[in-house]
Every structure is written in structure tokens, then in C-alpha cells.
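What follows is a set of notes on a single structure, which appears directly below.
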Amino acid sequence: MKYSIVTFGCRVNQADSFAIEEQLRRRGATDASPEDADLVIINTCSVTASADQGTRQTIRRIVRCNPDAKVIVTGCYATRRPDEIASLPNVMRVVSNDAKDTLVEALEADGELTTARRFDGGDGPCGLSLEPGVAGRTALMLRVQTGCDEACSYCIIPRTRGTGRSRSLPDVMRDIRRAVDAGYREIAITGVHLGSYGRDRGDGTTLARLVQMLSEWPADVLFRISSLEPMDCTEEIVAAAARSPRIASHFHLPLQHGSDEMLTAMRRPYTVAYYRHLVQGIRSRLPHASVGTDIIVGFPGETGEHFHALRDVLDALPLTYLHVFPYSDRPGTAAARLSNKVDGNDIRTRAREIRAIGERKTREFRQSQVGRTLRALTVDDGRSVVTGNYLKVKIGEQQPRNAWVAVTIESPDPLAGRVSAH
Ligand code: SF4
């Protein structure tokens, strides 16, 4: 059977798709393009209205090119609006996030998988049946937690992913060992609300404990901590990154806004002062770390004054990149019920201005790295490397993929360098 997996959205969705792909391959299925596959699995996102629209367009396009394809839709949009999804062409099954982990088993049980072999329940030849490079991935995304117990007023995720649930430390350690045995040299630790890892278990498991263990990992592996809510980025986590070469010097800490009034309206549990102190603390301990953030522009009630506060805070913060999201209503969220919505043109103008700040900060950071020699992993076709501080650098001569090299940054734009050692 030929399958294709189309993934939208966050790293958690990428990790989920990776797990589905592994289960299919273990059963002898082979990957193909959506236009050529027998089975197409769409793993959806629903963080914005345009994400939903993207899914609908993708399904219609695939079915036009591949009228015999059996389409299965899962993920957040499928969880939020199963009825809407079920009405789309060739959709034979809509699977909520809760049932995603057993999606392949359910297909097999219902005889929907015409694969060469039944799953024997055991591990593949070297534990993990997907070695680095499969489906274009050099780094492994490993989901250790899902769901969220926070209540940010603009966010639909707690409704699509449910309450916070963490995998046990032994389970996580087992998967990391399998991944390292399979040859992975970079592993991204991810979750819907990663910072709450372990809280639901009541057995002392915490993200700081996990990071501590990863910081002492014997093999030559780099662990990248995915997006971390600011209130969860503890002193121990920063210290582990400052101390150990196993933890990538890269933090993604969603601030969302630079006005305390807006943070309160968004129900974000911290202040601008707290965030500034956090980021300056990271910068002083890790002068060359990459520190990025998410910003929502145009949240209901955002005045010119709030926007100027946001702009000034970002200007002053030692950040290295920004992800900018123009606000859009998500039906079912508290923010969608707020009045005093911001005019669409103002939202677009403000988003452009904040993006420009982000681009300047990225340029300045890249410039600051010129002349430095950094450890990096070769990715893609071996003509690019990714450093611990999250720079994707073009290199001249091709290298074997998934190999550690030392790269000397030579130019900031385009970001390029040369391999000076292996
Ligand atoms: S922490 Fe807030 S933004 Fe993040 S998933 Fe939970 S509710 Fe959504």
C-alpha cells in the first residue's frame, strides 16, 4: 500500500505524523506523493481560520489529481469540526486527536490497510523504523506531552487537544535511546504545553528533570527544547543549557504582546517585566543563544498606545527572531466574544511593522555570528547545516547528511559559511 501524510501546523503535529508514518512503515507500507498514494492522511491544524481553509483546499486539490485516494483526516480541525471535514470529497474517516495514536491500528483492525505484513508489535531492526533523512527529516521531533490546562483567551487548542497529559520519563527515555540507536543526532523535545510536562503525573516528573537528564546524555546528541511558555522557563532549564553542550542554545518563548493590559486580556500569566528579566537573564548566560518569540498583533481592544508599547518592548529586547500572527477570531474562544475588534487594515499595517523589527533583529544576530566557528549538523542535501543556536547556514562543498561539522560563519546575508573541521 502506498501512503502519503500531509501535515499542517506545529511541531507536535509533525511528531504525531512521524509516529503514524513509523507505524505504517512497520506494516510494509511505502510512502508516495499525495497524487500517487492509495491512502492519504491529512494531519490538520486549526489555530487560525486560514489553517482550516488550507486543509479544505488541499483535500479538494488532492482528490482532483487522485480521484481514487482514500482520505483520512485527523488533527485539530478534524477534532473541532468533524462534520465539516466529513462532507469533503473522498474523506472516509475523521479521527480526533484523542484517537490519533491508534489510527493505524484501527485501520488495520477494520481491514483498511492492504499492507505486505501485519504489525508484529516488536521494534524494527534497529528499534526505530525511520532513520534520519526519511521524509526529509534529519532531526527527530519527539512529543513528550499533549493537551493544555491554560486558558489563553485567543487559543482553541485546549478544546482540540484536551487537558495536559504527559508520557512517563521511562517511556521518553526509551524512545530517545531508540532514536539515538537509529542514528538521530538531533532530537527536538516538543509538546502542546511543554512546560507543564509531568505536572499531570503527580510523581515528581518535571520538564526541568527531563532536561537535566538530557544534559547528561552520554552519546553525541543535541536536544532542542521546543516552544516554552515564559512562565515555565525555569532557572534550572536555562542553567542546563548554559552548562551542557547536549542542550541547544535556542529558546522559543512566546511573549504575545508588550503591554500588560493586553497580556491580561489574553489571559497570559506573566508581565512584560517578568519576560524582560527572563530574556535578559538568558542573554547574560548565553550571549550567542537564539531567542525567538511569537507575537499576536491586533488583539481585540489593542489601541495605538498598546501597539507602541509592543513595538518599544520588542525594540529593546535581545531577541533574535519573531513569529508574527495577525489576530483572527477562533470561534469558541473567549477572545472571539470580545467587542472592540481592530480594523483589518490596521492589523495588517501593524503586523508589517512588527515583522520589520523581527527582520532587523535576525540580521543583527546573523551579523554578530560572522567569524565565529560553530558546531552544526548537516541537513537536507548536505549543502546546509543547522547550528545549536538555530542558524541554517549554506556551505560550499557538499557534506554527508546528518554529520557533525564545525562551520565558520562567513556572511550574514545570504547566511553562508565554510566547513573548517569534522
Ligand atoms: S498555553 Fe495558551 S496558547 Fe499555549 S496551548 Fe495552552 S492555551 Fe494555547
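Figures for the structure shown
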read-out	value
Candidates 317, 286, 310 - the one that is in contact with a Lys or Arg (Cβ under 7 Å, 6 or more places away or on another chain) and away from the ligand (no atom under 16 Å from the Cβ)	317
Hits in segment 300-318 (condition: open to solvent by less than 10 Å² (accessible area, probe 1.4 Å) and either touching a Pro at 6+ places or on another chain (Cβ under 8 Å) or within 27 Å of residue 249 (Cα to Cα) (or both))	310, 314, 317
Scope segment 100-115; condition touching a residue at least 24 places away in the same chain (Cβ under 8 Å) and assigned to a helix (DSSP H, G or I); matching residues	100, 101, 103, 104, 105, 107, 108
Check on residue 355, surrounded by 15 or more Cβ atoms within 10 Å (Cβ to Cβ), of a type in the set (D, E, K, R), in contact with a strand residue (DSSP E or B) (Cβ under 7 Å, 6 or more places away or on another chain) and under 30 Å from residue 152 (Cα atoms)	yes
Output for segment 239-278, where each listed residue is farther than 21 Å from residue 223 by Cβ and either among the aliphatic types (A, V, I, L, M) or not assigned by TED's automatic domain parsing to the domain that holds residue 224 (or both)	255, 262, 263, 265, 266, 272, 273
Checking residue 329 against (1) open to solvent by less than 80 Å² (accessible area, probe 1.4 Å); (2) not assigned by TED's automatic domain parsing to the domain that holds residue 159, the condition it does not meet	(2)
Residue within segment 166-182 that is within 16 Å of the ligand (Cβ to nearest atom), modelled with pLDDT under 95 and part of a helix (DSSP H, G or I) present	no
Filtered residue count, segment 51-68, keeping only those that are surrounded by fewer than 22 Cβ atoms within 10 Å (Cβ to Cβ), touching a residue at least 12 places away in the same chain (Cβ under 8 Å) and over 26 Å from residue 333 (Cα atoms)	6
Which listed residue, of 313, 291, 297, 324, is out of contact with any strand residue (DSSP E or B) (no Cβ under 8 Å at 6 or more places or on another chain), at pLDDT 95 or above and β-branched (Val, Ile, Thr)	313
Segment 254-273: number of residues that are out of contact with any helix residue (DSSP H, G or I) (no Cβ under 6 Å at 6 or more places or on another chain), more than 16 Å from residue 303 (Cβ to Cβ) and away from the ligand (no atom under 12 Å from the Cβ)	1
Test: residue in segment 194-214 that is under 12 Å from residue 142 (Cα atoms), of a type outside the set (Lys, Arg), touching a helix residue (DSSP H, G or I) at 6+ places or on another chain (Cβ under 9 Å) and not in a helix (DSSP H, G or I)	no
Residue tally, condition open to solvent by 20 Å² or more (accessible area, probe 1.4 Å) and of a type in the set (A, V, I, L, M), over segment 16-50	4
Residue ID - most open to solvent (accessible area, probe 1.4 Å), chosen from residues in segment 69-89 that are assigned to a loop (DSSP other than H, G, I, E, B) and touching a residue at least 24 places away in the same chain (Cβ under 8 Å)	81
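Per-residue answers, yes or no, for (1) open to solvent by 30 Å² or more (accessible area, probe 1.4 Å); (2) touching a helix residue (DSSP H, G or I) at 6+ places or on another chain (Cβ under 8 Å); (3) within 28 Å of residue 80 (Cβ to Cβ):
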| residue | (1), (2), (3) |
| --- | --- |
| 143 | yes, yes, yes |
| 148 | no, yes, yes |
| 154 | yes, yes, yes |
| 159 | yes, yes, yes |
| 163 | yes, no, yes |
| 169 | no, yes, no |
| 174 | yes, no, no |
| 177 | yes, no, no |
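The values are calculated or read from the model by the stated rules, or taken from the named source; none is laboratory data. For clarity, every value in this text was computed on a predicted model and none was experimentally measured. Methodologically, a virtual Cβ is constructed for each residue, glycine included, from the backbone with ideal geometry; neighbour enumeration extends over all protein chains shown. Note: areas computed on protein heavy atoms with side chains; ligands, DNA, RNA excluded. Shrake-Rupley method; radii C 1.70, N 1.55, O 1.52, S 1.80 Å.
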